[in-house]
Protein chains: 2
Amino acid sequence: MQDQLWYIKHCRLFERLSPDELRRLEQRARIRKFPKNTPIYFPNEAAESVFLLAEGRVKLCSYTPDGKQAILAFIEPGEVFGELTLAGEAQRDEHAETMQPSTVVLLPGEVVSELMHHSPALSLGVTKLIGLRRKRVERRLKTLLFRSNRERLLHLFLDLAEQYGETHPDGVRIRVRLSHLDLASVIGTTRETMTLLLGELRTSGLIGVERHRFVILNLARLAAAVGMPPPRIADGTATTIDPTQKTVPVPRKDWSF
Amino acid sequence: MQDQLWYIKHCRLFERLSPDELRRLEQRARIRKFPKNTPIYFPNEAAESVFLLAEGRVKLCSYTPDGKQAILAFIEPGEVFGELTLAGEAQRDEHAETMQPSTVVLLPGEVVSELMHHSPALSLGVTKLIGLRRKRVERRLKTLLFRSNRERLLHLFLDLAEQYGETHPDGVRIRVRLSHLDLASVIGTTRETMTLLLGELRTSGLIGVERHRFVILNLARLAAAVGMPPPRIADGTATTIDPTQKTVPVPRKDWSF
DNA sequence: TCGGGAGTGTATGCTCCCATACAGATTCGC
DNA sequence: GCGAATCTGTATGGGAGCATACACTCCCGA
């Protein structure tokens, strides 16, 4: 695969690197393909690399002793994951698994760290990335404590709209395909309860449900129901980075780190 | 107060700065005292400064619409907070409040950012700090999803032992004073349920309870009960930074960032 | 194309935990 | 030192949500 340079060059995080630095990074990079539903790394594994998702979809998750899956985050093409390596993390403490057949670029942590040492811009970019995600987790923590499953789900839809929302004739459509079980695994409830809750929201006209697809029919009302301001919809439609057509992916709200 | 230089110099995060850089930082720093139970900053406030807690204790928290308090973190002397300013955070999104009469050093974000630009070591230190705390929040998220209040509390005690534990004739003592309401606000339950749970743990011989003080009588058994390895006890006893006696505070596990 | 697995819809008893209420104990502020 | 506020302990009804069970649909892969 010769395209790994292309993927790296078009990642916002590495944009400010000089051609020379890019080449150094590219030389040490490796590209790998993973089938659907396949682990990329495990907890307690040495955190040696940083990952850049080129194609497909990945989830970061962990498992409870009785086998339930807690989803920490979804990763889309153009996004970096496993970046805590750069903050001195020695071992992973979550699972990374593909949800679709995926292509991943592996960047050795030491190489990126070395580049950060000489590039304040890259260094700041990494700090911002880690900080942005921390903020996201903290916000999620707040929306879980003391809240009923119904409220949790409403908050989740707000987050999904902000991160993956696109405009749609009926309202705001969530760009990613998610099963009831997926949603349940994000807010920490059971699949059955999720089905029930989704039924309620549909009946009350807040959302439209097709198989694996959700449309928020009235974002303002949904936001008001949990006392939050409605989020902005960034509306990045094309997300797949496709080197054959050499289009720059539309930057999304989080800058496609 | 002329001692702010002393506080800054003895904070692990700024240790690697040159005398000249330290002086520049010190010149722009301001020191403030806050009484007990007093807000330091609010959500939506402009995130202009980074804070260094010199004395006292601070909690970071947010409130649900019905007035319940969710505690995100406790801050001890020698620790930095509000550091997301350095990752480009524009506005706070949590409350910071004193739990004890406290002394705080305010460092303008722009000054620290400027220093980071020229000091890779400081830059890395900030990234590690933000990353460490992110890891902590993510771990907490995992221990909240799908778990009963009892399990949440056991996990909480493990965390407390790791962060604030000190050896004690009967086991591991939690160094900080916490009310039942405080604990409830961390795991997202009610004060009454917390009282009940603590009673159960005491009866089953896992913990010893005095007013506001907790001793874990059998850390290994407690850890085993939730399927975790028992944490290491770092045992940093003296935590107050007292410029009058000019002692370096004992470094704790998290390096007293 | 056909079979199996994954996803969805629905019902039911039961358990955990919340809301509410109240009383005694302790500590803090004045 | 005294009153008030906070903290702790306990009881009770009711409700949210879990575990379990089962039928049906849709999709994917062989």
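The values are calculated or read from the model by the stated rules, or taken from the named source; none is laboratory data. Being a predicted model, the structure only gives us computed values, none of them experimental. Cβ coordinates were reconstructed from backbone atoms using ideal geometry, including for glycine residues, and neighbour counts include every protein chain displayed.
Yes/no per residue for (1) free of Cβ contacts under 8 Å to residues at least 24 places away in the same chain; (2) of a type outside the set (A, V, I, L, M, F, W, C); (3) under 30 Å from A:LEU129 (Cβ atoms); (4) within 14 Å of chain A (Cβ to nearest Cβ):
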{"residue": "B:VAL172", "(1), (2), (3), (4)": "no, no, no, no"}
{"residue": "B:LEU196", "(1), (2), (3), (4)": "yes, no, no, no"}
{"residue": "B:VAL215", "(1), (2), (3), (4)": "no, no, no, no"}
{"residue": "B:ASN218", "(1), (2), (3), (4)": "no, yes, no, no"}
{"residue": "B:VAL226", "(1), (2), (3), (4)": "no, no, no, yes"}
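Counting only residues that are surrounded by 14 or more Cβ atoms within 10 Å (Cβ to Cβ), over 16 Å from the mean Cα position of the chain (by Cα) and among the hydrophobic types (A, V, I, L, M, F, W, C), the stretch B:36-53 holds 1 of them.
One residue stands out in the stretch B:169-201 among those that are more than 8 Å from DNA strand D (Cβ to nearest atom) and charged (D, E, K, R): the one that is nearest to B:PRO231 (Cα to Cα), namely B:ARG173.
Within the stretch A:89-135, track down each residue that is in contact with a strand residue (DSSP E or B) (Cβ under 7 Å, 6 or more places away or on another chain), assigned to a helix (DSSP H, G or I) and over 22 Å from B:GLY82 (Cα atoms). Within the stretch A:89-135, A:GLY109, A:VAL112 qualify. Among the candidates A:PHE157, A:PHE146, the residue that is facing chain B (nearest Cβ under 10 Å) and closer than 30 Å to B:SER185 by Cα is uniquely A:PHE146.
Residues considered: A:LEU60, A:LEU72, A:LEU25. Of these, the only one that is closer than 19 Å to A:TRP6 by Cα and more than 16 Å from DNA strand D (Cβ to nearest atom) is A:LEU25.
Considering only residues in the stretch B:54-74 that are at negative phi and free of Cβ contacts under 8 Å to residues at least 12 places away in the same chain, the one that is nearest to the chain's Cα centre (by Cα) turns out to be B:THR64.
Considering only residues that are within 14 Å of chain B (Cβ to nearest Cβ) and under 26 Å from A:TYR164 (Cα atoms), look in the stretch A:93-113 and name the one that is surrounded by the fewest Cβ atoms within 10 Å (Cβ to Cβ). Spell out the reasoning first.
First pass over the stretch A:93-113, keeping only residues within 14 Å of chain B (Cβ to nearest Cβ): A:93-96, A:109-110, A:112-113.
This time we only want the ones that are under 26 Å from A:TYR164 (Cα atoms), so: A:93-96.
Values: A:ASP93: 17, A:GLU94: 24, A:HIS95: 20, A:ALA96: 25.
The extreme case among them is A:ASP93.
Report yes if A:ILE207 is within 16 Å of DNA strand C (Cβ to nearest atom), modelled with pLDDT of 95 or more, touching a Leu at 6+ places or on another chain (Cβ under 7 Å) and closer than 25 Å to A:PHE81 by Cβ, otherwise no. No, not satisfied.
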